[in-house]
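Enquirer: Shown below is the structure under consideration.
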């Protein structure tokens, strides 16, 4: 089973990249605009990741040492942008930071010029919005891993701030920051929906967007293939680097209780400025959508129902595919040694490095000689979404599978437990909680995706994110906000159902 | 109905068969919007054709062509309505269009003779603004001003491509410099005309690339005289919008009937106050009060389809390079 999954994954990632070059018109020459898209992608990803991680350091430090009412809620909220549909985040940011947004209104009132975020500022702002919370959670986990005794020792020695930094923070940052930076760099490098919505044209075009344009606007398959190859090589290079540094864990568990910190009081005001401003930065855009959208849900066109059903169907299909693949890989590799573990890790990173639009373009070209590719828009979207969620599902499931094998395998062999009993009585009950969490992630990520569907979309087929993008395009901002509310509600509901389903059973294995 | 097609899309390729023949027309989004010509034209044609006219909005004009290339000979479309003369050569090169035999007394400036495409309306590109904003009188003055504009992507939108041609027609080899100077005036580049015009109406920009006829919409349909367009002394580029018939349509007779209907008074009299363009054949009743005058020949810029096709790629590269700075 593991082999089959591996083969399918390789076909999807490398196979489609090869298909793009061989099935199309060979490789097309890249123009000046393509090179500037490549430069922009690298530059903005570097800046976005750098800013996210840098700002996350004081925020995580503050959260690590201060306790206050609502702290747990805020930490939970930090997990939300990860499953928040990108296009919803963008809509919210425009409502706050756009030319017609709250801040521009205030600036105009005070006699200043309006903000203009289309282009690099908007792209980077959106990337920081999505990744600052992620980086903060990574760092917070780093802080949580420091034994409380160490804080006590350093504090009782009345160590200078410099000694505190050198003894505690520096080792912690050194172990978390490179991995967090690389992961966020990779996520920003393959950014599509953000650049599509606020890139503002050639000045904010990422490689992923350039592939879409070469394909959908110019129908220049040769150039799309070349760009796809560049994207694949860049991501591959980052993936190799990621192999060399430990990537942070993304499960977000174990952040509940932090050691009581004796140094908390002295930094109170600075810490709360960081906490408050990051919370406002996260909450304002979401609040803007909620206040604008809630009242207009009733006025939505009836197509919202079809779009909802389509989105949920894609999400559920994608979840089943993703979880089957993740389980297959986990079972296959959990028992083997270091090499297998590295291989499994590599597969996960391959999934991260694979660009959805490259896969979509490759599949289009593979299907094209035989059938109308648009016919397969939904299955293709579901499978690509499954593949995109796989790295995250693997990271949640793999350790749990490995642990169960380690704890019970000898017992199973000595008691001669049947396969069925092993699976249903021992393995699955123990995996139920991570399984629920992973399925929730996969479903929510797929619900919010606006990538491959844009490549294959035709006018009468749409998912909720696509409908939202089209309403934004038609400048029906009230209705767009209403669709955003529906979309977020459905994403959260799916996530909650799966996650809840996993937890409900956890106590009675 | 929607659910059936959803499941069909999920699992199988099926074609819905109905008793009445279906004529499928791909067109641009604003044409089929509730306030566009689509609904009235559908009613008028279906009254006499004994068919089901399905008009499908597929992005802006230039995106129509890209979509057609993507679908190739498998397309469901019988008619493509909404290309313009800047891309008819590229459209003809796909080999997907069939010769047509439409006859009409066109009032399109410069007359009309094209074996594959028939015009349905035309207009002049212009930057539309609130009347109280002081107009720049040409692109150089616009570039020097602090005015913010929204334009369309030339790869997906025919107005976007028209703007490229406009700057090229007015400035020739200096076009790249004009674009470099305009860069800081551009708020954003949208995929289509609808997006850009919507942003302008919401106050996200001072001016938007549209048509000299757009202010008439606000005047006639809304009784609002607050919009005007900036008169440019280098002239205004023209757009002639056309439709063509797909070679492998399964509704040849019906497609021919539609194209002939397109240049009839029934269709042409709908155009001025729904698509807000000059009709390709002036209606018997004339143009409505409040419609702007046509410009004289010296103020009207246009490249022939072959000139435009030859210029397109270089002009696009210039535009992309200047705007990616």
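Enquirer: Of (1) within 14 Å of another protein chain (Cβ to nearest Cβ); (2) at pLDDT 95 or above; (3) assigned to a helix (DSSP H, G or I), residue B:80 satisfies all except one. Which?
Expert: For residue B:80, the failing item is (3).
Enquirer: So, one more: Just for region A:436-453: of the residues that are in a helix (DSSP H, G or I) and closer than 21 Å to residue A:302 by Cα, which one is farthest from the other protein chains (Cβ to nearest Cβ)? Walk me through how you get there before you give the answer.
Expert: Taking region A:436-453 as the starting set, the residues that turn out to be in a helix (DSSP H, G or I) are A:436-447, A:452-453.
Add one more test, that the residue is closer than 21 Å to residue A:302 by Cα, and what stays is A:447, A:453.
On the way: A:447: 16, A:453: 12 Å.
My answer is A:447.
Enquirer: Separate question: Can you tell me which residues in region A:462-476 are within 25 Å of the chain's Cα centre (by Cα) and either in a helix (DSSP H, G or I) or within 10 Å of chain B (Cβ to nearest Cβ) (or both)? Step through it out loud before you land on a result.
Expert: The initial filter retains those residues of region A:462-476 that are within 25 Å of the chain's Cα centre (by Cα), namely A:462-473.
Listed by number, the residues that qualify are A:464, A:465, A:466, A:467, A:468, A:469, A:470, A:471, A:472, A:473.
Enquirer: Follow-up question, since we're still on this one. Within region A:116-129, work out how many residues are within 13 Å of another protein chain (Cβ to nearest Cβ) and either over 21 Å from residue A:468 (Cα atoms) or touching a strand residue (DSSP E or B) at 6+ places or on another chain (Cβ under 6 Å) (or both). Walk me through how you get there before you give the answer.
Expert: Keep residues of region A:116-129 that are within 13 Å of another protein chain (Cβ to nearest Cβ), which gives A:116-123.
Then keep just the ones that are either over 21 Å from residue A:468 (Cα atoms) or touching a strand residue (DSSP E or B) at 6+ places or on another chain (Cβ under 6 Å) (or both); that gives A:116, A:118, A:120-121.
Looking only at that region, the number is 4.
Enquirer: Let me ask something additional. Out of everything in region B:49-70 that is modelled with pLDDT of 90 or more and farther than 20 Å from residue A:212 by Cβ, what residue ends up being farthest from the other protein chains (Cβ to nearest Cβ)?
Expert: Going through the qualifying residues, I end up with B:50.
Enquirer: Which count do you get for residues in region B:163-192 that are within 23 Å of residue B:121 (Cβ to Cβ), within 14 Å of chain A (Cβ to nearest Cβ) and part of a helix (DSSP H, G or I)?
Expert: 2
Enquirer: Select from region A:195-222 the residues that are at pLDDT 85 or above and farther than 15 Å from residue B:153 by Cα and write down the one among them that is farthest from the other protein chains (Cβ to nearest Cβ).
Expert: Within region A:195-222, the subset at pLDDT 85 or above is A:195-214, A:217.
Next, from what is left, pick out any that are farther than 15 Å from residue B:153 by Cα: A:206-208, A:211.
Working: A:206: 12, A:207: 13, A:208: 16, A:211: 13 Å.
Going through the qualifying residues, I end up with A:208.
Enquirer: For residues in region A:324-343 being surrounded by fewer than 22 Cβ atoms within 10 Å (Cβ to Cβ) and touching a helix residue (DSSP H, G or I) at 6+ places or on another chain (Cβ under 6 Å), which is nearest to the other protein chains (Cβ to nearest Cβ)? Break it down stepwise before answering.
Expert: Within region A:324-343, the subset surrounded by fewer than 22 Cβ atoms within 10 Å (Cβ to Cβ) is A:324, A:328, A:331-332, A:335-343.
This time we only want the ones that are touching a helix residue (DSSP H, G or I) at 6+ places or on another chain (Cβ under 6 Å), so: A:328, A:332, A:335, A:340.
Values: A:328: 24, A:332: 30, A:335: 37, A:340: 36 Å.
Once the filter is applied, the top-ranked residue is A:328.
Enquirer: If I filter region B:261-268 for residues that are under 30 Å from residue A:471 (Cβ atoms), touching a residue at least 60 places away in the same chain (Cβ under 8 Å), surrounded by fewer than 23 Cβ atoms within 10 Å (Cβ to Cβ) and within 21 Å of the chain's Cα centre (by Cα), do I get at least one hit?
Expert: No, region B:261-268 contains no residue that is under 30 Å from residue A:471 (Cβ atoms), touching a residue at least 60 places away in the same chain (Cβ under 8 Å), surrounded by fewer than 23 Cβ atoms within 10 Å (Cβ to Cβ) and within 21 Å of the chain's Cα centre (by Cα).
Enquirer: With (1) away from chain A (no Cβ under 14 Å); (2) crowded, with 21+ Cβ neighbours inside 10 Å as the list, and residue B:160 as the residue in question, which single condition is left unmet?
Expert: (1)
Enquirer: Among A:95, A:73, A:113, A:80, which is within 13 Å of chain B (Cβ to nearest Cβ) and surrounded by fewer than 22 Cβ atoms within 10 Å (Cβ to Cβ)?
Expert: A:113
Enquirer: For region B:289-325, what are the residues that are touching a residue at least 24 places away in the same chain (Cβ under 8 Å), crowded, with 17+ Cβ neighbours inside 10 Å and part of a helix (DSSP H, G or I)?
Expert: Passing the criteria: B:305, B:308, B:309, B:311, B:312, B:315, B:316, B:318, B:319, B:321, B:322, B:323.
Enquirer: Determine if region B:195-209 includes at least one residue that is within 14 Å of the chain's Cα centre (by Cα), over 16 Å from residue B:136 (Cα atoms) and away from chain A (no Cβ under 14 Å). Lay out the reasoning, then the answer.
Expert: As a first pass, look at region B:195-209 and keep what is within 14 Å of the chain's Cα centre (by Cα): B:195-197, B:209.
Keeping just the survivors that are over 16 Å from residue B:136 (Cα atoms) gives B:195-197.
Subsequent filtering for residues that are away from chain A (no Cβ under 14 Å) retains none.
No - not one qualifying residue is present in region B:195-209.
Enquirer: Another question, then. Can you find even one residue in region A:76-92 that is outside any loop (DSSP other than H, G, I, E, B) and more than 18 Å from the chain's Cα centre (by Cα)?
Expert: So the first thing to find is which residues in region A:76-92 are outside any loop (DSSP other than H, G, I, E, B), and the list is A:76-83, A:86-92.
With more than 18 Å from the chain's Cα centre (by Cα) added as a condition, the list becomes none.
Within region A:76-92, none of the residues are outside any loop (DSSP other than H, G, I, E, B) and more than 18 Å from the chain's Cα centre (by Cα).
Enquirer: Another one. For region A:346-363, does any single residue satisfy the condition of being surrounded by fewer than 20 Cβ atoms within 10 Å (Cβ to Cβ), touching a helix residue (DSSP H, G or I) at 6+ places or on another chain (Cβ under 6 Å) and at pLDDT 80 or above?
Expert: At the first step, the residues of region A:346-363 found to be surrounded by fewer than 20 Cβ atoms within 10 Å (Cβ to Cβ) are A:346.
So of that shortlist, the ones also touching a helix residue (DSSP H, G or I) at 6+ places or on another chain (Cβ under 6 Å) come out as none.
The answer is no; no qualifying residue exists.
Enquirer: Something else about it: If I filter region A:387-406 for residues that are within 14 Å of another protein chain (Cβ to nearest Cβ) and either within 28 Å of residue A:220 (Cα to Cα) or surrounded by fewer than 16 Cβ atoms within 10 Å (Cβ to Cβ) (or both), do I get at least one hit?
Expert: Pass one, region A:387-406, residues within 14 Å of another protein chain (Cβ to nearest Cβ): none.
Within region A:387-406 (the criterion being within 14 Å of another protein chain (Cβ to nearest Cβ) and either within 28 Å of residue A:220 (Cα to Cα) or surrounded by fewer than 16 Cβ atoms within 10 Å (Cβ to Cβ) (or both)), the answer is no, since none of the residues qualifies.
Enquirer: Please work out if residue A:449 is within 24 Å of residue A:361 (Cα to Cα), surrounded by 15 or more Cβ atoms within 10 Å (Cβ to Cβ) and touching a strand residue (DSSP E or B) at 6+ places or on another chain (Cβ under 9 Å). Give the derivation first.
Expert: On the way: within 24 Å of residue A:361 (Cα to Cα): yes; surrounded by 15 or more Cβ atoms within 10 Å (Cβ to Cβ): yes; touching a strand residue (DSSP E or B) at 6+ places or on another chain (Cβ under 9 Å): no.
Spelling it out, it is not the case that residue A:449 is within 24 Å of residue A:361 (Cα to Cα), surrounded by 15 or more Cβ atoms within 10 Å (Cβ to Cβ) and touching a strand residue (DSSP E or B) at 6+ places or on another chain (Cβ under 9 Å).
Enquirer: Could you list, in sequence order, the residues of region B:94-115 that are surrounded by fewer than 11 Cβ atoms within 10 Å (Cβ to Cβ) and closer than 21 Å to residue B:162 by Cα?
Expert: Result: B:111, B:113.
Enquirer: Taking region B:275-288 as the search range and keeping residues that are surrounded by fewer than 21 Cβ atoms within 10 Å (Cβ to Cβ) and in contact (Cβ under 8 Å) with a residue 40 or more places away in the chain, which one is nearest to residue B:228 (Cα to Cα)?
Expert: The selected residue is B:288.
Enquirer: Related question: Just to confirm my filter: which strands (runs of 3 or more DSSP E) fall fully inside region B:193-254 and include at least 2 residues that are touching a helix residue (DSSP H, G or I) at 6+ places or on another chain (Cβ under 9 Å) and assigned by TED's automatic domain parsing to the domain that holds residue B:273? Full working, then the answer.
Expert: Details: elements: B:207-211, B:227-230, B:236-246.
Once the strands (runs of 3 or more DSSP E) in region B:193-254 are filtered for at least 2 residues that are touching a helix residue (DSSP H, G or I) at 6+ places or on another chain (Cβ under 9 Å) and assigned by TED's automatic domain parsing to the domain that holds residue B:273, what remains is B:236-246.
Enquirer: For the condition at pLDDT below 90, in contact with a helix residue (DSSP H, G or I) (Cβ under 6 Å, 6 or more places away or on another chain) and not in a loop (DSSP other than H, G, I, E, B), what is the one hit in B:73, B:30? Outline the logic, then answer.
Expert: Values: B:73 fails: in contact with a helix residue (DSSP H, G or I) (Cβ under 6 Å, 6 or more places away or on another chain).
On inspection, the qualifying residue turns out to be B:30.
The values are calculated or read from the model by the stated rules, or taken from the named source; none is laboratory data. Being a predicted model, the structure only gives us computed values, none of them experimental. So basically every Cβ, Gly included, is an ideal-geometry build from the backbone, and we count neighbours across all protein chains shown.
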